[in-house]
Every structure is written in C-alpha cells, then in structure tokens.
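Participant: I have a structure here, written as structure tokens, and I will follow up with some questions on it.
We did not get these values from a lab; they are worked out from the coordinates using the rules stated. The structure displayed is predicted, hence computed values, not measured ones. Note that we place each Cβ from the backbone using ideal geometry, even for glycine, and neighbour counts take in every protein chain shown.
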Amino acid sequence: MDFTDFKRRAADHAAGFVQPGMVVGLGVGSTANHALNRIAARCAAGELPGLLAVPCSLSVERAALEAGIPLTTLEEHPILDVTIDGADEADPRLNLIKGGGGALLREKIVAQASRRQVIVVDESKLSQVLGTHWPVPVEVLPFGWGVQSAFLESLGAEVRLRRNPDGATFTSDQGNFILDAGFGPITDPPALAARLDARAGILAHGLFLGLATDLIVAGPSGLRHFTRPA
C-alpha cells in the first residue's frame, strides 16, 4: 500500500478547511508537511488572502518561510482558527499519542490555543487503545533526566532516551531531552496524563487528550472524517 499517497490525500482534504483571513497552526511530521505544501500552493494561487500561520517547530518555520506562507506568533494571535497536524496513534475517541518528531511541547501549546484541531493520518495510525503500537514521548529537562526515567519506569514503562542517528542525544527545539516511554496498552490515559503533568522536570508528554476535534483518515477505501464524540 502507498502510505505516502494516503497521507497526501488526507492532508489535502484537511487543507481545504483553511479559509482566507484565518490564523492557522502548522503541525510537524510527514503528513502535516503535505498540508503545509497544499496551503502554500493555495497561498501562491491567491486563494488565501490575509492568512497567517504559527509553526509548531523551527523546521516547520523554515519550511513555511521557504514556501511563502506568512507567519505570526501566539503573542500576536493567541487564538488560532484551525491547526492541522499529524499523530503517531489515534483511538476511537480522537485521543492521540504525538511527539514522534520531537515537537510535542510546541504542538501541545498550539493545540490548546486552537479552536479546531484537525489531525491527518493514514489508517495504520488507528488503534483501539493508545500505547498499543507507540511509546509515549516525554520531554524532560536535561538536569535530572535519569530521575525522570526512573519515575517512568516506576509507572510500568520501558524507557529509552531518544538519540539521533549518529548516537548523540536528541534535543528538542527547547534544548530538552525526550524519553520514549513504552507503557503498552494504556487502560486509563487521563490518569497517566495527570501523573505526568504533576511531575517536576517533565515539561510535556505525548498524550493529547480531548484536543483533537477532527480526524481525517486515508486508506485503500478512501477518506474518512471523524469528529470528537460528545
């Protein structure tokens, strides 16, 4: 199956939600990048006058500038009309695991500032229970990161410090470390999220709960559009 084509179709559909004059969040990852390219093409064609965008990472900021998308900041526009982003795993209630690209802290800040959060995925990212296929990324301060690793292990996770392909420790745009915590299927995501949120030294985690409003899924049978259950 051509997952690249599935991702492109989902992203193109989501980019259709963007209207002139909107302030839009630009997410991170291969699927979100397809949406960025589609938005850039619409800008170049004159379809989106007045559009402004807030990127979720430094790499997305560079890509948007190169593509000619006008940028702004959350300080100038603290409420976004819509954000288009990807996910590593999504459950039937549109809860997500995100952070495979290492931008989870900025992505969550942007998601919380968005009226509408549209997630685009191919169907391989669907799961009945979060954690079945992906670990939970956890962004931590470099100071005392080993203590946070031990804390995650005490909660039942297998923990790995994320590294670059050359073996150096991966650092986020904020200069922090990321621990990939494999909990297996997570029976109570809100309870786990609360434990992680309360821990000093943990700056963000990849459990995005109650933030996505729309999920666009592409697969062999076409596109499916889900909205968050009441």
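Participant: Can you pull out the GluC sites (Glu not before Pro) in region 74-155 that DSSP calls coil and that have at most 10 other Cβ atoms within 10 Å?
Facilitator: E75, E76
Participant: Can you tell me the FRET efficiency between L161 and S221 if r is taken as the Cβ-Cβ distance and R0 is 35 Å, rounded to the nearest 0.05?
Facilitator: Once rounded, the FRET efficiency stands at 0.35.
Participant: Report the FRET efficiency, 1/(1 + (r/R0)^6), for F170 and D197, where r is their Cβ-Cβ distance and R0 is 25 Å, rounded to 0.05.
Facilitator: Once the sixth-power term is evaluated, E becomes 0.65.
Participant: What ranking of D122, D214 emerges when the number of other C-beta atoms within 10 Å of each C-beta is taken as an exposure proxy, fewest first?
Facilitator: Fewest-to-most Cβ neighbours within 10 Å comes out as D214, D122.
Participant: Antiparallel DSSP bridges in region 1-122: what percent, to the nearest 5?
Facilitator: The antiparallel proportion sits near 15 percent.
Participant: Using the Karplus equation 6.51 cos²θ - 1.76 cosθ + 1.60 (θ = phi - 60°), what ³J(HN,Hα) coupling, rounded to whole Hz, does each residue of region 197-206 give in order, writing x for Gly and Pro?
Facilitator: 5, 7, 8, 4, x, 8, 8, 6, 9, x
Participant: Right, another one. For region 136-205, just the Cα set please: Rg and Dmax, both in angstrom.
Facilitator: My reading of the Cα-based Rg and Dmax gives 11.7, 36 Å.
Participant: What does the charge add up to near E61, with Lys and Arg as +1, Asp and Glu as -1, over the other residues with Cβ less than 12 Å from its Cβ?
Facilitator: Net charge around E61: 0.
Participant: While we're on this one: Test of the criteria: in region 95-160, which chymotrypsin sites (Phe, Trp or Tyr not before Pro) are in a DSSP loop and have at most 12 other Cβ atoms within 10 angstrom of their Cβ?
Facilitator: F143
Participant: Quick check: net charge around L105, other residues with Cβ under 10 Å of its Cβ, Lys/Arg +1 and Asp/Glu -1?
Facilitator: Charge balance in the 10 Å sphere: -1.
Participant: Only bridges whose two residues both fall in the chain count here: according to DSSP, what percent of them are antiparallel, nearest 5?
Facilitator: Restricted to the chain, the bridges split so that about 55 percent are antiparallel.
Participant: Kirkwood hydrodynamic radius, the chain, all distinct C-alpha pairs: what's the number in Å?
Facilitator: Hydrodynamic radius (Kirkwood, Cα pairs) of the chain is 17.9 Å.
Participant: Note down the magnitude of the dipole of the chain about its Cα centre, charges +1 on Lys and Arg C-beta and -1 on Asp and Glu C-beta and zero elsewhere, to the nearest 20 debye.
Facilitator: Rounded to the nearest 20 debye, it is 220 debye.
Participant: Please identify the chymotrypsin sites (Phe, Trp or Tyr not before Pro) of region 161-205 that satisfy two criteria: DSSP loop assignment and at most 15 other Cβ atoms within 10 Å. Which are they?
Facilitator: The qualifying sites are F170.
Participant: Would you mind pulling out the separation of the Cα centroids of region 199-229 and region 143-195, in Å?
Facilitator: What the calculation gives is 20 Å, centre to centre.
Participant: Could I ask something else about it? Would you please give the residues with an amide H less than 5 Å from that of V136, counting only those at least 5 places away or on a separate chain, with H modeled from the backbone geometry?
Facilitator: Sorted by chain and number, the residues that satisfy this are A181, G182, F183.
Participant: Then there's this: Among I186, I39, I79, rank each residue by its count of other Cβ atoms within 10 Å, from fewest to most, as a rough exposure measure.
Facilitator: I79, I186, I39
Participant: If amide H atoms are built 1.01 Å from N in the plane of the peptide, which residues on other chains or at least 5 residues away come under 5 Å of the amide H of Q117?
Facilitator: So Q117 has HN proximity to T83, T213, D214.
Participant: Here is a further query. Which whole-Hz couplings ³J(HN,Hα) result when phi for each residue of region 62-72 is put into the Karplus expression 6.51 cos²θ - 1.76 cosθ + 1.60, θ = phi - 60°, listed in order with x for Gly and Pro?
Facilitator: Each residue's phi maps through the Karplus curve to give 5, 5, 5, 5, 5, 7, x, 8, x, 10, 9 Hz.
Participant: Test of understanding: ordering T169, T213, T31 by Cβ neighbours within 10 Å, fewest first, what list do you get?
Facilitator: T169, T213, T31
Participant: Return the long-range amide H neighbours of G99 (sequence gap of 5 or more, or a different chain), with a cut-off of under 5 Å between placed amide H atoms.
Facilitator: Placed amide hydrogens put D88 under 5 Å from G99.
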